[in-house]
Amino acid sequence: MAIPIDIAVVGHTNVGKTSLLRTLVRQRDFGVVSDRPGTTRHVESIELKIDGASAVRYHDTPGLEDSAALLQYLKMLAPEATPVERVRAFLRGPEAQAAFEQEAKVLRKLLECDAAIYVIDCREAVLPKYRYEIEILSACAKPVMPVLNFSQGAVSHAQAWRDTLTAYHLHTCVQFDAVAPFMGAERQLYEDLGVLLRERRPQLQDIMEHLDWQGLERRRAASQLVASLLVSAAAMRRAISPADLAEPARKAALLRHFKKDLAAQVAACVQDLLAVYGFRAGDAEVDLAPWADGRWEADLFSAQTLKDASQKLGTGAAVGAAVGLMADVALAGLSLGAATALGAAVGGLASQGWSQVPRKIANRVRGIEELTLENEVLLALAGSMVRLLAALEQRGHAAWAKVQVASAPAEEGDNASLHGLVASLAAARSYSQWEMVPGSQASADARRTALVERTAQRLRTAAEQPKLLQET
């Protein structure tokens, strides 16, 4: 078994060292993150494990607080000694237990490690105290990997930092925002560590491959969860009796329950997604308010519906007559005689195999309406969930702000994959048993499983189209 790589995470106070480690090891609760300086007072260690074995041991160190005074003190120690010998002499002396106790903890750990990650807050200008820090860290004779944190903010001195690092012969650095890392930042960090630690490059390559595999598995699991939600939402169907339709209060209550059931499914999916990505419950929510109204299927006998029926059932005279009869009944209203005639038509259509029509026609005869979700609602839900997936992919484990995803239906033609996805969900409308109640097992129907898998594949395709992922 390979010996774990030991990495000391170092830097000035309050630059995001603990935040970086939370993201690298995907542990939301590691250490203490605060705006107050000097939050980390002792060295805290955490492991990145692969298949249960430790691959990297990270050591979160206290912030360097008085680099100017420490550098001056080091230069007074043994003038003829090498820089690293001066550091060792300092650690043996009394000041390592007194004025420079915090700095001593950092340097002692660094000397024990294979390399250091030097975290830089790019919002800060390159002040003399930071240059002194670089000199002190370089004196330890260990490879140092600078990480430019907060480089995408409104104020960023990233280029000035790069120039300064180059002046101190630190030519390799990586941009990595611990709160919102860009895609590929993690791989870049390990690749650059491989440049500094050549003898450990095979181990680091194994780590990168494993992390790539983990990323694929997370995306696959997340797309499956969202696909199951969309299939369940498309399958939602509530029959409303004539008595309930005639009573406004009861009708309104049924609408509220329908929306509540939908919201519960979405909330359960969001929490499952947060678990997949290693975030806390409640770290994200999807706004349902603008589009969770559902609809009353008033267009059951629309011309397009009947046209689609005739195309599916064939163009025989009997079928054509039945379809025409349904159109007349729909326009003129139902009567006892019409219902009798309609019953004969139901038998003819059922024999043709279009199982969805008999149920709808029978409900129509009884005055029953069905509450379902329009395609526009499913499209808005799908778009919101894809945006949520993108936000979770780009979210660091040090982020505190809740991810808020507002619903916004995609514009016509904006994303062909997403529109095609919603169209493919039509198959679920025939199977109300495919709805998944939170806390229960999904239907084991092989057709549902196949539809979920196809939908998940479409989701992964849609998620690759950046225009859809822009916040609206």
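Out of every Cα-Cα pair in the stretch 5-196, what percent are more than 24 Å apart? It works out to 35 percent of all Cα pairs. A straight chain from residue 263 to residue 401 at 0.36 nm per residue would run longer than the Cα-Cα distance by 47.5 nm.
Taken about its Cα centre, the stretch 47-128 carries a charge dipole of roughly 180 debye when the Cβ of each Lys and Arg holds +1 and the Cβ of each Asp and Glu holds -1. What net charge is computed for the residues neighbouring residue 226, neighbours being all others with C-beta under 14 Å from the C-beta of residue 226, Lys and Arg scored +1, Asp and Glu -1? Neighbourhood net charge equals +4.
Put a dot 7 Å past the Cα of residue 374, heading toward its Cβ, do the same for residue 75, and the two dots end up 7.4 nm apart. For residue 84 and residue 101, the difference between the fully extended length at 0.36 nm per residue and the C-alpha to C-alpha distance is 4.3 nm. Highest-first packing order for the peptide set 230-238, 139-147, 122-130 is 230-238, 139-147, 122-130, based on the mean count of other beta carbon atoms within 10 Å.
Once the gyration tensor of the Cα atoms in the stretch 113-182 is diagonalised, the equivalent ellipsoid follows with semi-axes of 20, 14, 10 Å, ordered largest first. For the stretch 5-196, the tally of Lys pairs with Cα-Cα distances below 22 Å comes to 15, considering only residues 8 or more apart or on different chains.
No lab work stands behind these numbers, since they all come straight from the coordinates. Quick caveat: nothing in here was measured; it's all calculated off a predicted structure. Because the Cβ atoms are built from the backbone with ideal geometry, glycine has one as well, and the counts that use them run over all protein chains shown.
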